[in-house]
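Read-outs: derived from the displayed coordinates by stated rules, not from any lab. Not measured: the values here are computed from a predicted model. Note that each Cβ is placed from the backbone with ideal geometry, even for glycine, and that neighbours are counted across all protein chains shown.
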């Protein structure tokens with residue numbers, strides 16, 4: 001996978017090519033969010049980032065908490081991007097709703113679900129120019 005490749009989720013919902021988020025942009029957003037969630041949960045950020053690398057680059061599946069945090073961060077990052085596109089008048093509300101629902105499902109079994117929900121709330125309420 002190349003970092004300059006556009007994410008297909010956005011082209012599928014009609015985001016213009018010039019505005020498409022790349023895989024590299026998504027990777028970075030997810031890494032930042034994963035570190036924030038890991039820190040707030042008291043997890044080792046290095047292990048969470050390693051899990052994200054394995055998921056992103058090698059499509060590795062695992063059930064460790066670090067992997068779950070990385071996946072949650074990825075869905076929050078996608079929800080954030082959907083909200084940004086929606087603020088530009090693009091039709092991404094379906095993706096936004098789907099990603100929020102997925103975060104809620106994944107966080108459901110965590111003792112620290114409140115941490116995940118707080119991070120998601122903070123990210124999605126941020127106003128950006």
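Below are the figures for this structure:
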| item | result |
| --- | --- |
| Residues of the range 21-53 satisfying the condition of being closer than 19 Å to residue 88 by Cα and either buried (at least 18 other Cβ atoms within 10 Å of the Cβ) or over 17 Å from the mean Cα position of the chain (by Cα) (or both) | 21, 26 |
| Scope the range 12-46; condition touching a residue at least 60 places away in the same chain (Cβ under 8 Å) and assigned to a helix (DSSP H, G or I); matching residues | 19, 33, 36, 37, 40, 41 |
| Candidate set: the range 7-20, residues that are out of contact with any strand residue (DSSP E or B) (no Cβ under 6 Å at 6 or more places or on another chain) and surrounded by 11 or more Cβ atoms within 10 Å (Cβ to Cβ); chosen: the one nearest to residue 89 (Cα to Cα) | 15 |
| Matching residues in the range 47-61 - criterion: being on the phi < 0 side of the Ramachandran plot and in a loop (DSSP other than H, G, I, E, B) | 60, 61 |
